[in-house]
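Chemist: Quick one: the structure is below, questions incoming.
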Amino acid sequence: GFQQLMNNKEQENDWDRDLLLDPAWEKQQRKTFTAWCNSHLRKAGTQIENIEEDFRDGLKLMLLLEVISGERLPKPERGKMRVHKINNVNKALDYIASKGVKLVSIGAEEIVDGNAKMTLGMIWTIILRFAIQDISVEETSAKEGLLLWCQRKTAPYKNVNVQNFHISWKDGLAFNALIHRHRPELIDYDKLRKDDPLTNLNNAFEVAEKYLDIPKMMDAEDIVNTARPDEKAIMTYVSSFYHAFSGAQKAETAANRICKVLAVNQENEHLMEDYEKLASDLLEWIRRTIPWLENRAPEKTMAEMQQKLEDFRGYRRVHKPPKVQEKCQLEINFNTLQTKLRLSNRPAFMPSEGRMVSDINGSWHNLEGAEKGYEEWMLNEIRRLERLDHLAEKFRQKATIHESWTDGKEAMLTQKDYETASLSEVKALLRKHEAFESDLAAHQDRVEQIAAIAQELNELDYYDSPSVNARCQKICEQWDALGSLTQSRRESLERTEKQLESIDELYLEYAKRAAPFNNWMEGAMEDLQDMFIVHNIEEIQGLITAHEQFKSTLPEANKEREAIQAIQAEVQKIAQYNGIKLSGGNPYTTITPKSIDDKWHKVEQLVPQRDRALQEELAKQQSNDHLRRKFATQANIVGPWIQTKMEEIGRISIEMNGTLEDQLVNLREYEQSIIEYKPNIDQLEGDHQLIQEALIFDNSYTAYTMEHLRVGWEQLLTTIARTINEIENQILTRDAKGISQEQLHEYRTSFNHFDKDHSGALMAEEFKACLISLGYDVENNKAGDAEFARIMGIVDPNNSGAVTFQAFIDFMSRETTDTDTADQVIASFKILAADKNFITAEELRRELPPDQAEYCIARMAPYSGPDAKPGALDYMSFSTALYGESDL
């Protein structure tokens, strides 16, 4: 079917290519095809020498087809004429066609005429049909099947990679690998080198011809010297290897079947042997283990019995589990073996006598019975020994606790620590000794318990009784010794206590008087060294007076010091007389006689130092007071002068005497007089710097500070400058709006009238009253409030809540002068724009000065009316925006 059609198509393509056959390929095909034909013709006792000449009469061609197909062809014609030859060749071609091969471009005449390319093409068709087409490997056939067979057979050879039927075979390793895979004894493959293709190819061809009956079909030199060996020649040669080894493959399959059967038998026999050995080993282990589990020899000590129990636990934990696993595996192997024997039609397995599964289960049952009895016996024996060990351990524990408690007690009771102790320490030692006596009595019960346990262990014949008895005797003897030492120490402590009580009373009196005197001296030293900060003469004089009062108390303090030292001298006298070792100090105080004398000498040194420091500070405060008075004298002059000038400027700005120009001249003269006062401010700054350098922070001689005066001076200069600026702006407004001097005077009069607080600005309510007086309808109703809000938006755009005189003038002049300014500007722009609704940049630059023209161009929006043209600018919205009548 489909595969046949594809094969035919391949043949057609091959024949087309044959018309342009490479000379090297043609040479390879001649040799290969000739050798292939002779490998079959020799079976009929003949061969060919020249492939295009020897097939011309058709006789050997028909013979070749009969040999390779095993079928009879029609009887050939033996005549010598051309027609006879053509008929014979046609019979051969018809036979090829009958095998499903479509012959294209191959005619009998060309074969008879000895056309080499046509003859080679015909032989290739025969090889393809009878030697290659029937090859089948893993669902692939023909060329692909042959390639896959080569790949499978050469797969184990890492230096062989068969991907085609040309260059993959050039190094000769693939030919050798095919032979070695099937007949490894014929080739020493490991000695072959990839870089020696001639040797490799010749080796394979010679071995194949000598041992495999495959004639040499190609020359090694032709393959090596050709860039791409002829594919048809290689395929023909390789197909001979395939057919040579296909018979060996059938023998291999038969051998595999025999091996499979034998393997089953061998595996079964191996399983039988494994079972017998495993069963024998397991039964032997059970035989050795049961006597150990049946041993009931008792042990003397708990430790030895515990070791037996530990050995048993090791048996349970380590030795038995693998045997349980072996027993289970034995049963599994037995069942598996029986199943395999049954499936392979073999007789059932019968283990040797005594090794049946039932025999093993019986022995195992006996093992577990012995194991249970052994465990019960060990537990009972352990409980028995546990009772005896418990008494011994109890004895050791109580003896250890007692010995630990008595350790060091004899040394403690024999020490002479009270000989150098103070009274409080002796009393403490007595209390500690009383506590020890109570503790000693409490331990009496434990000593009796230790003796009772030792007696019981003796009665029970404990194996280690001698050591127990020796330890018990030592404890009892030590106990008696501790009782005697305790009584002796008590007597010594009580005697020492009485001797120290008389000295203690003197110590107490010393402590009661030394503490307040020491505190007085420490306070005095702290006061004498205390840093002081004063700000005036009164404060330093107060400190001097207090210091003089302190000095008057020193003689009385010295008498108290001498009395305290006399008490300590009395203590030393009593101690020497009674032979008492005063190892410690006064228990009631840490204040020593030496520390009292040291502090007293320190006070005596600090008094004159304090005198000098107070006198130095007095001189400093007197100097500071002089600086305060000097600054205050000047500040009390400058401060009122600044205040007066501020009030005068306020009156000048309200009164409006003369014309605005006259007011401006007067104000500038007034400003000059203020500036000329500057040296007085500079002198005050110099005085203030001296005060700051002296770190003086207050001045009771004046209410003025330099900061206030500095701010007042700067405010005065700012106010006169602002007042002058307001007059200048009023002049500008008057001239720009055409307001007469009389109108301006009238505005100022109205403004001043309603400026009740003379602040120079009208608050909102003051401004509303002013508007009502001028006839504006801003009464407290909805319409009036709206109108007032509109006016406030004009005069107070920043929402400050106040209306300046300048804003008042601007509003009044706007209300009384021409308000069509924006319309006039629009009309002017319309003239420049030749009566158009827009204007161009060229027109602006032509009619206006350069600065004004560029100013308009930069700020005019593009005109967007229906008559707009490129570059048109909107002068109307620009004009309206100039007077604040647009959002632009």
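Chemist: VAL224: accessible area at probe 1.4 Å, nearest 10 Å²?
Modeler: We get 40 Å² for VAL224.
Chemist: Work out the charge dipole of the chain with +1 on the Cβ of Lys and Arg and -1 on the Cβ of Asp and Glu about the Cα centre, then indicate which of GLY871, SER69, ILE286 is farthest towards its positive end.
Modeler: SER69
Chemist: What is the Å³ per residue value for the convex hull set by the Cα atoms of region 409-614?
Modeler: 178
Chemist: Please tell me which of these pairs span more than 18 angstrom C-alpha to C-alpha: LYS512/LYS602; LYS830/LYS869; LYS551/LYS602? Intermediate results must be reported in sequence, preceding the final value.
Modeler: Values: LYS512/LYS602 23 Å; LYS830/LYS869 16 Å; LYS551/LYS602 14 Å.
Pairs exceeding the cut-off: LYS512/LYS602.
Chemist: Oh, and also: Could you pull out the pairs from LYS117/LYS170; LYS300/LYS409; LYS327/LYS372; LYS260/LYS320; LYS153/LYS260; LYS153/LYS191 whose alpha carbons sit more than 29 Å apart here? All intermediate terms of the calculation are to be shown ahead of the outcome.
Modeler: On the way: LYS117/LYS170 25 Å; LYS300/LYS409 38 Å; LYS327/LYS372 19 Å; LYS260/LYS320 39 Å; LYS153/LYS260 22 Å; LYS153/LYS191 19 Å.
Exceeds cut-off: LYS300/LYS409; LYS260/LYS320.
Chemist: Using DSSP to call loops (not H, G, I, E or B), can you name the chymotrypsin sites (Phe, Trp or Tyr not before Pro) in region 459-556 whose Cβ has at most 12 other Cβ atoms within 10 angstrom?
Modeler: Filter output for region 459-556: TYR463, PHE532.
Chemist: Checking a compactness column here: for region 624-736, what do you get for Rg(Cα) / (2.2 N^0.38 Å), N being the number of residues?
Modeler: So the Cα radius of gyration is 1.33 times the expected 2.2 N^0.38 Å.
Chemist: Rounded to the nearest 20 debye, what is the charge dipole size of the chain about its Cα centre when +1 sits on each Lys and Arg Cβ and -1 on each Asp and Glu Cβ?
Modeler: It comes to approximately 7420 debye.
Chemist: Further question: Share of Cα-Cα pairs in region 645-804 beyond 29 Å, in percent? Provide the component values of the computation, followed by the final result.
Modeler: Numbers: 4945 of 12720 pairs.
So the pairs more than 29 Å apart make up 39 percent of the total in region 645-804.
Chemist: Oh, and also: Give me the dipole magnitude in Debye, nearest 20, for region 409-614 about the Cα centre, with unit charges on the beta carbon: positive for Lys and Arg, negative for Asp and Glu.
Modeler: I would put it at about 620 debye.
Chemist: Bins of 5 Å, beginning at zero and ending with the bin holding the largest distance: percent of Cα pairs per bin for region 663-721, please.
Modeler: Binned Cα distances yield the sequence 4, 15, 22, 21, 14, 10, 7, 4, 2, 0.
Chemist: For region 741-803, how big is Rg over Rh, using alpha carbon atoms and the Kirkwood form of Rh? Walk me through the numbers before you get to the answer.
Modeler: Details: Rg = 11.9 Å, Rh = 12.2 Å.
Taking Rg over the Kirkwood Rh, I get 0.97.
Chemist: Also: Along the charge dipole of the chain, Cβ charges K/R +1 and D/E -1, which of LEU198, TYR776, GLN47 sits furthest on the positive end?
Modeler: Of LEU198, TYR776, GLN47, it is GLN47.
Chemist: I'd like the carbon and sulfur percentage of the solvent accessible area for the chain, probe radius 1.4 Å, heavy atoms only, ligands and nucleic acids excluded.
Modeler: Here it works out to 52 percent.
Chemist: With a Cα-only, solvent-free Debye model of region 516-564, what are the log10 I(q)/I(0) values at q = 0.16, 0.21, 0.24 Å⁻¹?
Modeler: The computed values of log10 I(q)/I(0) come out as -0.55, -0.81, -0.95.
Chemist: Can I ask one more? Please report, in whole Å³, the volume per residue of the convex hull around the C-alpha atoms of region 264-403.
Modeler: 108
Chemist: Work out the length of the dipole vector of region 264-403 about its Cα centre, built from +1 on the beta-carbon of each Lys and Arg and -1 on the beta-carbon of each Asp and Glu, and round it to the nearest 20 debye.
Modeler: Magnitude of the dipole: close to 440 debye.
Chemist: So, one more: Pick out, in residue order, every one of the GluC sites (Glu not before Pro) in region 122-228 that is DSSP loop and has at most 10 other C-beta atoms within 10 Å; say none if there are none. Before the final figure, lay out the partial values.
Modeler: Values: sites: GLU138, GLU139, GLU144, GLU185, GLU206, GLU209, GLU221; in loops: GLU138, GLU139.
Those satisfying the criteria are GLU138, GLU139.
Chemist: Over region 23-253, one equal point on each Cα, no solvent: what is log10 I(q)/I(0) by the Debye formula at q = 0.15 Å⁻¹?
Modeler: -1.01
Chemist: Determine which aspartates and glutamates satisfy two conditions relative to LYS432: a Cα distance under 19 Å, and not lying fewer than 8 residues away in the same chain.
Modeler: Hits, sequence-local ones excluded: ASP407, GLU410, ASP417, GLU419, GLU491, GLU494, GLU497, GLU501.
Chemist: Quick one: order SER864, SER344 from most to least accessible surface, probe 1.4 Å.
Modeler: Working: SER864 110, SER344 25 Å².
Solvent-accessible surface, decreasing: SER864, SER344.
Chemist: I would also like to ask the following. Can you give me the Cα centroid spacing of region 174-248 and region 459-495 in angstrom?
Modeler: 110
Chemist: At what distance in angstrom do the alpha carbon centres of region 353-402 and region 826-874 lie from each other?
Modeler: Region 353-402 and region 826-874 have Cα centres spaced 124 Å from each other.
Chemist: Where only protein heavy atoms count, and the probe is 1.4 Å, what is the accessible area per residue for the chain in Å²?
Modeler: For the chain, the solvent-accessible area averages 56 Å² per residue.
Chemist: Further question on the same structure: Evaluate 2.2 N^0.38 Å with N set to the residue count of region 382-429, then give the Cα radius of gyration divided by it.
Modeler: Taking the Cα Rg and dividing by 2.2 N^0.38 Å, one obtains 2.10.
Chemist: Here is a further query. Please identify which residues in region 177-199 have an amide N closer than 19 Å to a label point set 7 Å out from the Cα of GLU138, following the Cα→Cβ vector.
Modeler: Counting backbone N atoms under 19 Å from the label point, the list is 177-179, 181-182.
Chemist: Right, something else. So how many Å³ per residue does the convex hull of the Cα atoms of the chain work out to?
Modeler: So the per-residue Cα hull volume is 695 Å³.
Chemist: Using the charge dipole of the chain (Lys, Arg: +1 at Cβ; Asp, Glu: -1 at Cβ; taken about the Cα centre), state which of VAL318, ASN88, LEU582 has its Cα farthest towards the positive end.
Modeler: My answer, from the dipole projection, is ASN88.
Chemist: Compactness ratio of region 157-297: Cα Rg over 2.2 N^0.38 Å, N = residue count?
Modeler: That works out to 1.93 for region 157-297.
Chemist: On a C-alpha basis, how far is the centre of region 259-334 from the centre of region 88-159 in Å? Whole number, if you could?
Modeler: Cα centroid to Cα centroid, the span is 70 Å.
The values are calculated or read from the model by the stated rules, or taken from the named source; none is laboratory data. If you're wondering where the values come from, they're calculated on a predicted model, not measured in any experiment. Positions of Cβ are generated from backbone atoms using ideal geometry, with glycine treated the same way; all protein chains shown enter the neighbour counts. We work out accessible area using only protein heavy atoms, side chains counted, and drop any ligands, DNA or RNA first. Shrake-Rupley method; radii C 1.70, N 1.55, O 1.52, S 1.80 Å.
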